[in-house]
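Data first, discussion second: the structure below is written as structure tokens.
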Amino acid sequence: MKPVAFEYERPADIRSALALIGRNGPITKILAGGQSLGPMLNLRLVRPELVVDITRIPQLKSVEQSADAITVGACVTHADIEDGRVPDVTQGALPSVARNIAYRAVRNRGTLGGSLAHADPAADWVSALAAIGAVALIASSTGQRAIAVEDLMSGVFETVLGQAEILEAIRIPRLSVRARWGYYKISRKTGEFAHAIGAVLDDPERGVCRAVIGAIEAKPIVLADARPLFRNRVGADLEASFDMEVAEDLLRSAGLADPVVRQIHLAALRRAATKASHGHRLHHH
Amino acid sequence: MATVSITINGIGVEAEVEARTHLADFIREHRNLTGTHLGCEHGVCGACTVLIDGAPARSCITYAVACDGASITTVEGLEDDVSAELRDAFSREHALQCGYCTPGMLVSARDAVLRLPEPDDREIRVLLSGNLCRCTGYVGIVRAVKSVVADRRARGIAPADASGNPLGPVGSAHPAGRLTGGARGGRTTHVSAPLAVSARRDSRPLEEWRPQVTIEQRFIVHHPPEVVWAFLGRPEEVAACLPGAKLVGTPTENYIEGLLRVRAGPIAAEFAGSAEIERDVSHYAGMIRGRGKDNRSGSATRGEIAYKLSPEAGGGATRVDVTVGYTLTGMLAQFSRSGLIRDVANRLTAAFATNLEARLANGSLNQLPPVSAAELNVVTLVMSVVRDRIGRLLRRMLGQRKGT
Amino acid sequence: MAAQGVGASVLRKEDDRFLKGRGQFVADIRLAGMKEVSFVRSPLAHAKIIGETIPDEDRPSVFVATDLRSVKPIRANSGLPGFKSSDQPVLAHDKVRYVGELLAACVAPTRAEAEDLGERVAFDFDELPAVHDMLQARRSGTALLHEHWGDNVFLETFVDVNIEAAFDAPVKVTREIRTARQCMAPIEGRGAVAVWDHRLGQLTLYTSAQMPHINRTGLSECLGIDHGQVRVVAPDVGGGFGYKGILLAEEVCLGWLAMRLGHPVRWIEDRREHLTANANCREHHYIITGYADRDGRLRGIDCEATVDSGAYSAYPFSACLEAAQVASILPGPYDFPSYRCRTWSAATNKCPILPYRGVARTGVCFALELVLDAIAREAGLEPAEVRARNLVRPEQMPFDNITKKHFDSGDYPESLRRAVAAIDLAGVRERQKRGEVDGRRIGLGMSIYCEQAAHGTSVYAGWGIPMVPGYEQATARVTPDGGLELRVGIQSHGQSLETTLAQVANEILGIDIAKIKVVHGDTEYTPYSTGTWGSRCIVMAGGAVARASQEIAERLRVIGANLLQADPEAVTLKGGQLVGPQAAVSIGEIARTWYLRPQDLPYGVHTGGLEATVGYRPERDSGTFSYATHAAVVAVDPEIGEVEILDYVVIEDGGKLINPMVVEGQIYGGLAQGIGTALYEEMPFDASGQPLASTFSDYLLPGPTEVPAARIDHMETLSPYTVFGQKGLGEGGAIAPPAAIANAVNDALSGLAVEITQSPITPRRVLEAIGAHTIERASAPGGQAR
């Protein structure tokens, strides 16, 4: 199938982009790398009247480092992270996630911001960036606002982004050298969308212990304080102190009624904890 | 139509294209370079993989207009020594049979040879995992790639360094500017004439039909059953509780026609249809049976909403039990991730219950707030409930642990 | 010149154009004035059509059933007694019977605009209850697809060979076994370009097809025009696997449109159309009982098998080929005394079933081999022992089995012995005792099949379908420069026949294969043939090319002897030369003389010249029987249900291998598809008959990381009935893997008393079988994570 006819604009800067999407008229869709939107357009599931391509806006492809974070433009690609073109402040965590997103040809065009804004619950960045404690910077004609990535997605394919807003950048915290990260994705084959994602970040120096249960066909479950998951014994062997019952209760509370689904999510989370425990930062499933 | 300038296999091309024309169609239909193949047009199979500014990318989900200023290399233009070595190796190792996936496979294989330092079989397979081959079982392909890499490394050719590449999607590293002539489509997206309303009766008894998905909700409203009953007897009030619903024409007590607009992020469908209403006052029970279709996607839905009122708190309040059952057919039904559709239906049902409760609880049933806002808020609403539950659970766990 | 003849792993002649992106597939064909066609398809599985709404301005570009009144429906009857006939309309009228059935054709300058048109066409339906499952179809009281039938069964068959004698066997196991509906999913879908040539008064249909002559016959019948008015060209075809061995309603419609509109039209199937409208193979259900003695000797097999045949009988193989074959091939490579099998070809609201690589064999191998393992477990025997005890022995060959299949040759037990050694059965059993540090469970499974291939007239006359293969013909023509043209009616789409048929001619004539051109896939240039199916090409077309080459060799000898002034009996062809007692002359020189210097030859030397069309049919055409033992070692992760193939061995006997490299390619490719059947591929349908996958993200094909580098070992037991002793084997790789892998999974899970009897073996099926909620979660530290 081919897409419905649409108009296409390619603004050179954010201000023009905001002006285009702020118009009260055509059904408008923002296009970044288009690796998720493209298939939906081709299937005519998405039927925009106007597509605004934001990938030529230099600001959205820029990177800014500070002492405690790096701010990455929304149009930076998975491959940019994978290849280290964006300096890594996460002790290898994010490059290892990037490396296992879809396929290389997709990673060369797929973007961080596009992935977050698309809000497919099975997408890696939705879970991984929430686990790492990243912040989404959102531009509108009236200014910029910042919200935690975990608050960006509101449901399947839904975010809190308003019609006149653009996800501009993602601020990723600099992890301490002692930070421990575990990420485990369950897919039936390489590059397939995830059926379960578990992510664990323990960074005691910064007082952070977070966990995410993702790919639950809804917004991921984010534990900003994941200590109960480890019997409140942070700093210990995360694998040994992992509390299956707490995790199971979480899944039930989130409405995951199917025992098979709960089982694989539990496994993903526990394996993420194990990876974090063993410091397997550079090993991937 | 927009005018784009693209360099294809080293030759600059200016052409008029529709914005919706993807790069693969542009290459094939406009430039007659048919070596780039389409195998799915969903970005999964990899047959259409080409080089955009030197890096592999899917030409089926990249639009030609987005490649303005970029340099494209297709299989016909792969003329470097790596490609020549790969061609020999593919033939030697019987890495192709029907040849359909081969052009895209070569592009990815070239990427593997150039970038992987000393790959084992697994690394090669992972790198090629975005290219499906239905004929060879991949054995020859992996051998071919492995032999070319080994040979090149033995000759002292180091892997390529991509660290200096510009950031952002490949093909986007060119000045933005406006497209020549603007990108206005020759036609505008239209919503066609009023959708045909298909309100035919089913040719079999209703009881034969069973919904495929059933969702139950229960809530209490602080009005006596007779008030709630009367409210539910007014179709326009009931419709107003359903996000995205709009009545068409004049409803009667037992027949309505209307539209239901359903959204899941960027996906939107508009079901036009009708419903029949049955009410049994002796049991305070009602049934709404409806069906509608979205002509553009060829999708249709059929559903029923059953409700039953029971007195609560000595008759001052009412318990409403609502059961929504539906079946979806056509394009929107034909995906494996039915959980996503179910999530939307769940949210709709929850919103219906919430709105009904809100409108009834409002006290002044004749002056009701507009409901349209609910359409966007459904998700937040449901998720906030879940989040609260999880939050409570965690606080409890924390508290417990601290207490012990 | 290095050896290029039979048995040489020469590189492929077809590679060069594909590697340079210069193949010519149907979507690559653009003709002047051509327009694109998009079809409006049924969104419902079963419904009455009440009417359609087409905007007036679009009416000239939209074609519906009433426009095609002159076109006959597609009909494929079987001669088997009791078969019920179905008519498949080219565009549906009155009723739709599956999701994806054609309703209207929309014609526009581009595909996108044709799709825009389609969105403006609306059909109204009265929905009917869908028959979404083959067992439901068989129950009385179910909605009827073809009302006048009175039920939903195309055909029921029954065979009973003394089954009562098995009833007192001490070991008896019964299993219910099911295989999923699949899509064949060649990476290139189907598609067609149709053009009417006024000068020739001929319709040319370029189509992605593997049986072009059959398409031509079908088109001629449906369109009501002479064969001479139809030319079918199958250009480069991007994989077939059976999917392209059918007459499509789309092809008939395109032909009609080209005739009606006077300009070329093109339709290219897209992936969504393929997945949602053409999931047309493999769906079987078995209730099967194996009877055996304590030592594992089989006493009998008793089976009830149902095949989901879909809504119509597809042309030319019919709706019942699959189920009827189940009954005849279920006994596999084994020798046992009692057998009973009843089969049903059930009509359902799904697309018509087609034979997919392996046809019924993949299903029956799955059913029978799972039962053999169940017997082994029941009797406490090693599964390999049970097989060894029951395989037909080499000294019994040729062997007529319980269903009168005539196994031509082979040493089945030897392939089993080699597989047991290659997979290191003893080593795996040791490893299983030790257990795995990562908590996974290891299992070993095997399966054996024999594959009847290239079966001809005597077999197909019995099925009575519209197409019965007879003599396969080939034309060989020496060109004036000493090259050779071979014209064959089959179609090569990955099987490498442009190379292997050249090797066959080279074996006989010694002409360099670089100078041998194989012409195929075009009805205008090639002799009539039923085409490429049933693993028949290397036996039938290979045989025909051999015979035609021999005829040419004879003529070269006669003509060339004149040039050598020798007795024709005293000259021989060697290395592309005719060698006489005193001198030699090249084939090129003979050809040049024949064509361009006839004055150098006496009158009447050989009036046939250097072009010959010769037919070939093996004296005994009951088919060749290649066979193989597959052995798999898998690791099952009981926590997430994931199955990983750790090792895979194939011991194959394809008789004389014309090109071993090509043979291995066929085995590897078949194996990948078999792994898809075993672990990934499934088109689920909901209760209203909706297919639930429409992209390759929903319908999973095995990719590079899902297919292991299997180890292949060859045996070469020659077939006594074919020219070189070669056997057909193109399908075999796809037959055994589901059974071998399922047996391996069941072996891995045997400690949990769990058995999986349904394919594909998805993580969900594994976890549900184990009982997700009962799994012990407190595994040791360092346990599951990998």
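Report, to the nearest whole %, how much of the accessible area of the stretch A:7-52 belongs to carbon and sulfur atoms, 1.4 Å probe, protein only.
Accessible surface attributable to carbon and sulfur in the stretch A:7-52 totals 50 percent.
Give the carbon-plus-sulfur fraction of the accessible surface of the stretch A:180-278 in %, rounded to a whole number; probe 1.4 Å, heavy atoms of protein chains only.
About 48 percent, which is the carbon plus sulfur part of the accessible surface.
How many partner chain Cβ atoms sit within 10 Å of a residue's Cβ in peptide B:43-51, on average, as a whole number?
The per-residue average across the peptide is 6.
Using the Cα centre of chain C as the reference point, and only Cβ charges (+1 on K/R, -1 on D/E), how large is the resulting charge dipole? Debye, rounded to the nearest 20.
820 debye
Rg/Rh for chain C: what does it come to with C-alpha atoms and Rh from Kirkwood?
My calculation of the ratio gives 0.99.
Have a look at C:Leu484, B:His174, C:Ala514 and report the one farthest towards the positive end of the charge dipole of the protein assembly as shown, computed about the Cα centre with Cβ charges (Lys/Arg +1, Asp/Glu -1).
B:His174
How much accessible area per residue does the protein assembly as shown have, in Å², with a 1.4 Å probe?
On a per-residue basis, the protein assembly as shown sits at 33 Å².
Give me the dipole magnitude in Debye, nearest 20, for the stretch C:1-151 about the Cα centre, with unit charges on the beta carbon: positive for Lys and Arg, negative for Asp and Glu.
860 debye
Shielding by partners for B:18-27, please: the mean number of other protein chain Cβ atoms within 10 Å of each residue's Cβ.
5
Can you give me the orientation-averaged projected area of the convex hull built on the Cα atoms of the protein assembly as shown, in nm²?
Taking the Cα atoms of the protein assembly as shown, their convex hull projects to 57.6 nm² on average.
Mean residue ellipticity at 222 nm from the helices of chain C, using -39,500 (n - 2.57) per DSSP H segment of n ≥ 4 over the full residue count, to the nearest 500 deg cm²/dmol?
-8000 deg cm²/dmol
Percent antiparallel among DSSP beta bridges with both residues in the stretch C:301-441, to the nearest 5?
25 percent
I'd like the antiparallel share, as a percent to the nearest 5, of DSSP beta bridges with both residues in the protein assembly as shown.
85 percent
So which DSSP H runs in chain C come out at 24 Å plus along the axis (Cα) with average Kyte-Doolittle of at least -0.5?
The answer, listed by residue number, is C:360-379, C:537-564.
Which trypsin sites (Lys or Arg not before Pro) does the stretch C:347-417 hold that lie in a coil by DSSP with at most 16 other beta carbons within 10 Å?
C:Lys404
Between rounded, prolate and oblate, where does the stretch C:666-755 land on the alpha carbon gyration tensor, with a ≥ b ≥ c its root eigenvalues, rounded for a/c under 1.5, else prolate if a/b exceeds b/c?
prolate
Rounded to the nearest 100 Å², what is the buried accessible area between B and A, both sides summed, probe 1.4 Å?
Buried area (both sides, nearest 100 Å²): 6800 Å².
Report the trypsin sites (Lys or Arg not before Pro) located in the stretch C:557-637 that are in a DSSP loop and have at most 16 other Cβ atoms inside 10 Å of their Cβ, or state none.
Counting only loop positions with at most 16 other Cβ atoms within 10 Å, the trypsin sites (Lys or Arg not before Pro) in the stretch C:557-637 are C:Arg620.
For the pair C and B, how large is the buried accessible area, both sides, in square angstrom to the nearest 100, if the probe is 1.4 Å?
That pair of chains buries around 6100 Å² in total.
Given the -39500 (n - 2.57) contribution per DSSP H run of 4+ residues, what per-residue ellipticity at 222 nm results for chain A, rounded to the nearest 500 deg cm²/dmol?
Per the formula, -7500 deg cm²/dmol.
Filter the GluC sites (Glu not before Pro) in the stretch B:251-326 to those in DSSP coil with at most 15 other Cβ atoms within 10 Å of their Cβ, and list the result.
B:Glu253
Where in the stretch A:181-217 does accessible area fall by at least 50 Å² between the isolated chain and the complete protein assembly, at a 1.4 Å probe radius?
Buried by 50 Å² or more upon assembly, which counts only protein chains, are A:Arg188, A:Lys189, A:Thr190, A:Phe193, A:Glu217.
Give the relative contact order (percent, whole number) for chain C; include only Cα pairs under 8 Å separated by 6+ residues.
16 percent
Hey, any idea what % of the stretch B:1-131's accessible area is carbon plus sulfur with a 1.4 Å probe?
46 percent
Would you mind getting me the FRET efficiency between A:Arg99 and C:Ser750? Use the beta-carbon distance for r and R0 = 30 Å, nearest 0.05.
0.20
Can you find, among A:Leu152, C:Thr695, B:Val320, the residue farthest towards the positive end of the dipole of the protein assembly as shown? Put +1 on the C-beta of Lys and Arg, -1 on that of Asp and Glu.
A:Leu152
Hey, if you put +1 on the Cβ of every Lys and Arg and -1 on every Asp and Glu Cβ in the protein assembly as shown, which of C:Met184, B:Gly298, C:His274 ends up farthest toward the positive end of that dipole?
B:Gly298
Shape of the stretch A:7-52 from its Cα gyration tensor (a ≥ b ≥ c, root eigenvalues): rounded if a/c is under 1.5, otherwise prolate when a/b > b/c, or oblate?
Because a/c hits 1.5 or more and a/b fails to exceed b/c, the stretch A:7-52 counts as oblate.
Hey, got the average number of other protein chain Cβ atoms within 10 angstrom for residues in A:115-128?
That works out to 1 on average.
Just list whichever of A:Lys29/A:Lys61; C:Lys84/C:Lys244; C:Lys405/C:Lys727; C:Lys404/C:Lys727; A:Lys2/B:Lys146; C:Lys517/C:Lys727 have alpha carbons separated by over 26 Å in the model shown.
Where the Cα-Cα span goes over 26 Å, the pairs concerned are A:Lys2/B:Lys146.
The values are calculated or read from the model by the stated rules, or taken from the named source; none is laboratory data. This one's a predicted model, so the numbers in the text were calculated from it and none came from an experiment. Neighbour counts are summed over all protein chains in view; Cβ atoms, including those assigned to glycine, are modelled from backbone coordinates with ideal geometry. Please note that ligands, DNA and RNA were not included when accessible areas were found on the heavy atoms of the full protein model with its side chains. Shrake-Rupley method; radii C 1.70, N 1.55, O 1.52, S 1.80 Å.
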